[in-house]
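Heads up: the structure comes next, in C-alpha cells.
The values are calculated or read from the model by the stated rules, or taken from the named source; none is laboratory data. As the structure is a computational prediction, the values presented were derived from the model and not from experiment. Glycine gets a Cβ as well: all are built from the backbone with ideal geometry, and neighbour counts include every protein chain shown.
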Amino acid sequence: MPRRRGVAPPPPVTGGALLDWTASRHFALEARPCRHCGAPTHLRDENRRPADKVCAESALAEVLAVVSTYGGQGRL
Ligand SMILES: [Zn+2]
C-alpha cells in the first residue's frame, strides 16, 4: 500500500486516555442525554454538547482510524 512521503501516521489510539476533561467546563449540574449513546450524563464536550468521555473518545478514535486509513492511501 503506497504511503505519502512526509506524512507520519497518527499514533495508535487507546481508549480512556485521549481527552483531558478535568476542567470544570466539561461538567454540568443538569444531566442530559449523551449525544453518542443517549445515556444521561453530566459531562460536556468542547462545544458544551452532552457527551460521555468514553463515548467522545470512541468517536474520536473512529475518526482517527478513518484518517489513518485514507491518509495512508494518499486519499486525503
Ligand atoms: Zn455516551
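Quick check: is even one residue across region 30-43 in a helix (DSSP H, G or I) and modelled with pLDDT of 95 or more? The answer is no; no qualifying residue exists.
Within region 46-68, if we keep just the residues that are away from the ligand (no atom under 13 Å from the Cβ), more than 8 Å from the chain's Cα centre (by Cα) and free of Cβ contacts under 8 Å to residues at least 24 places away in the same chain, the residue that is farthest from H26 (Cα to Cα) turns out to be V66. Looking at region 50-76, which of its residues are more than 17 Å from D20 (Cβ to Cβ) and not hydrophobic (A, V, I, L, M, F, W, C)? Across region 50-76, the qualifying residues are P50, E62, S68, T69, Y70, G71, G72, Q73, G74, R75. Only residues that are surrounded by 12 or more Cβ atoms within 10 Å (Cβ to Cβ), within 11 Å of the ligand (Cβ to nearest atom) and closer than 18 Å to L19 by Cβ were counted across region 30-45, and they come to 7.
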